[in-house]
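Read-outs: derived from the displayed coordinates by stated rules, not from any lab. Given the structure is predicted, the values throughout are model-derived calculations rather than measurements. Don't worry about glycine lacking a Cβ; one is built from the backbone with ideal geometry, like all the others, and counts go over all protein chains shown.
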Amino acid sequence: MTDQDAALPSIDGVEPEPGAAFAAVPDAFQRLWTPHRLVYIEHGQQPDDDACPFCRAPELDDEQALIVARGEHAYVLLNLYPYNSGHLLVCPYRHVATYDEASAEEVAEIGALTQIAMRVLTTTSGCHGFNIGMNQGRIAGAGIASHLHQHIVPRWALDSNFFPIVAGTKAVPRLLGEVRDEIARAWPAGSAQ
């Protein structure tokens, strides 16, 4: 037994085996191992800038692009691959990759649209909370790394279950078009900014 082995704590009364210096020590975190995601992390599907879906969406009609509101500098649309029903994205019209490249006007409108989206989602879906965030760059997990976008994911008590893990399936109980129509109807007139 080495000095390093002797320094390892016993776990639930079981002494560590010699050479187990790198054995995990229990902590308060539950871990979800998803090795199938490594393919995405290492070889993510990033579109070419000329095929950017967030540049193309505003050129389409709102229903086709799943846009629920348009502002002067940014717009709001449903995520085509939602984590939950009502998962929205707020995007500047301008093709910029990261938050620090956004203008003061874009930042202000992204913030204002996010606040309105939260109010509308609370009213339309009765959600209990939100995950809001931006993945900046491919290495940070941005699905479309070249065009800034903020996620607004409504959450409900007990909205997670075993489907994503066991069946590789995410249960999203409502159709995108149906959710888009409901949110667009509930969006306050004249408050896109």
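Summary of computed values
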{"read-out": "Cα→Cβ-extended label distance, 7 Å offset, between LEU158 and GLU72, nm", "value": "4.6"}
{"read-out": "ALA74 long-range amide H proximity, modeled H, under 5 Å", "value": "TYR93"}
{"read-out": "Computed lengthening from THR98 to LEU175, 0.36 nm per intervening residue step minus Cα-Cα distance", "value": "24.7 nm"}
{"read-out": "Relative packing of peptides 76-82, 128-134, 145-151 - highest average C-beta neighbours within 10 Å first", "value": "145-151, 76-82, 128-134"}
